[in-house]
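The values are calculated or read from the model by the stated rules, or taken from the named source; none is laboratory data. Since this is a predicted model, take the numbers as computed values, not measurements. Positions of Cβ are backbone-derived with ideal geometry, glycine not excepted, and every protein chain shown enters the neighbour counts. Each accessible area value is taken on the protein alone, full model and side chains, heavy atoms only, with ligands, DNA and RNA left out. Shrake-Rupley method; radii C 1.70, N 1.55, O 1.52, S 1.80 Å.
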Amino acid sequence: MFVPKLYVYTFLGEFVLLYPVYTLLFTDSGLSVAETSSLFVIWSVTGMVLEIPSGAWADAVSRRLLLFLGPLLAGVGFGLWVLFPSYWAFALGFVLWGAEGALVSGAFEALAYEELERRGLQSRYAAVMGRAHSIGIAAAASAIALATPVFAAGGYPAVGAASVAACLLCAATALTLPERRPVRAASTETSTDSDGRYLAVLRAGVAEARTDRNVLEAIVLISVVTAIWGALEEYVPFLAAATGAPRTAVPLLVLAVWVGAAAGGLLAGPARRLSERSFALVLGLAALAMAAGALVPHPAGFVLVAGAFGAFQMAGVVADTRLQERVSGDQRATVTSVAGLGTNVVTLAVYTAYGAGSPFLSHGTTFALLVLPYVVIALWLARERVAPM
């Protein structure tokens with residue numbers, strides 16, 4: 001029952017009915033575009049600041065505890081938004097939501113990998129995580145579909161209550177996850193011993209990420225592969241509109257991309273067995289497909305775009321698997337959080353580049369240019385010695 005519980009946790013974590021309407025809530029509460037943008041900055045910065053410290057906390061204390069606390073914080077934030085709709089309530093909610101992302105990042109992967117390893121099933125990690133990502137996409141799509149009738153019936157209080165309920169159920173699911181590893185709870189240690197263990201884990205994790213070449217290469221790979229397509233996904237509606245498709249068809253084109261990404265997650269298990277050069281070929285072809293599809297001024301180009309997003313999703317899961325297989329010691333969540341920080345940094349860089357180029361370049365051209373790093377990564381991997389992933 002362990003793997004199904006992971007899937008339930010993932011589904012509930014993404015089943016937030018506020019997702020498609022929270023920007024409307026900000027607008028209806030009188031916030032300007034600049035104020036809303038500042039909230040996104042607060043959200044991003046919070047996650048980046050807490051990413052590595054929370055990973056070390058997961059290693060030093062308990063991964064399950066952080067997986068429990070994260071959704072609770074997000075639920076409190078969503079409740080604040082609906083009960084006290086104002087800029088400072090929204091800002092505090094984004095701080096709590098950013099903290100949730102940091103607490104779960106690293107802890108989830110570490111708990112999943114080590115529990116599978118304990119059962120002798122670590123070879124299934126890529127398949128399990130690929131399905132989990134696909135389930136997360138399905139949950140987000142379901143939340144968007146359900147948000148419309150719920151919002152029509154009860155407005156912001158209704159979608160807010162549903163979102164808080166999903167967070168509470170997610171936290172409850174975390175308590176059912178096994179964690180069979182030596183855990184030193186704060187109640188059994190002095191404060192000094194606890195602090196010393198935390199700092200030791202933090203230093204060891206950062207040192208492994210920085211000095212172990214194999215781990216560092218995996219961190220770079222997962223940061224670039226995951227961040228670029230994840231950031232570009234936010235701009236897919238703009239790209240869809242730029243194809244000349246009717247406005248009513250834009251959601252369908254966006255859905256096609258989501259279907260592609262979900263399919264890519266399901267292919268992560270078999271893709272784990274690719275050699276590095278085959279993996280590099282997949283990345284390079286996906287980048288070319290993305291560029292070609294984005295530059296086609298017709299909705300038919302989205303067939304290539306959707307396929308590319310699927311390949312990038314698959315590659316991201318495989319990159320995460322490579323990282324988990326290379327980490328040693330008790331600082332798995334810390335090292336994974338270093339990769340999470342790298343992903344956040346690259347994501348912000350993509351957002352910045354897209355915004356800077358938007359006055360001068362079309363959406364299709366911007367997409368094509370921003371996938372060039374995938375070609376660089378592919379060429380780098382192709383030079384490596386042929387080895388199983």
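A compact table of results
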{"quantity": "Dipole axis of the chain (+1 Lys, Arg; -1 Asp, Glu on Cβ), positive-most option in 112, 75, 174", "calculated": "112"}
{"quantity": "Surface/4 estimate of mean projected area, convex hull on alpha-carbon atoms of the stretch 1-60, nm²", "calculated": "5.9"}
{"quantity": "Taking the C-alpha atoms of the stretch 261-389, convex hull volume expressed per residue in Å³", "calculated": "108"}
{"quantity": "Area of residue 272 that stays accessible when all protein chains are in place (1.4 Å probe, Å², to 10)", "calculated": "60"}
{"quantity": "Scaled radius of gyration (Cα, divided by 2.2 N^0.38 Å) that the stretch 64-113 gives", "calculated": "1.25"}
{"quantity": "276, 109, ranked by accessible area, largest first (probe 1.4 Å)", "calculated": "109, 276"}
{"quantity": "Compactness of the chain, expressed as Rg and Dmax over alpha-carbon positions, Å", "calculated": "20.7, 65"}
{"quantity": "Trypsin sites (Lys or Arg not before Pro) lying in DSSP loop within the stretch 58-161, provided at most 15 other Cβ fall within 10 Å", "calculated": "119"}
{"quantity": "Largest-first principal axis extents of the Cα set of the stretch 65-218 (Å)", "calculated": "53, 39, 31"}
{"quantity": "C-alpha center-to-center spacing [the stretch 91-149, the stretch 335-373] in angstrom", "calculated": "22"}
{"quantity": "Surface/4 estimate of mean projected area, convex hull on alpha-carbon atoms of the stretch 69-145, nm²", "calculated": "6.1"}
{"quantity": "Area of residue 135 that stays accessible when all protein chains are in place (1.4 Å probe, Å², to 10)", "calculated": "40"}
{"quantity": "Per residue value of the accessible surface for the stretch 1-108 (all protein chains in place, 1.4 Å probe), Å²", "calculated": "39"}
{"quantity": "Of all accessible heavy-atom area on the chain, the percent that carbon and sulfur account for (1.4 Å)", "calculated": "69"}
{"quantity": "Accessible surface, 1.4 Å probe, highest first, among residues 236, 345", "calculated": "345, 236"}
{"quantity": "Which of 35, 234, 114 is most accessible, then next, and so on - probe 1.4 Å", "calculated": "234, 35, 114"}
{"quantity": "Solvent accessible area, Å² - residue 219, 1.4 Å probe, full protein context", "calculated": "10"}
{"quantity": "Projected-area average for the stretch 246-311 over all orientations - Cα convex hull basis, square nanometres", "calculated": "4.3"}
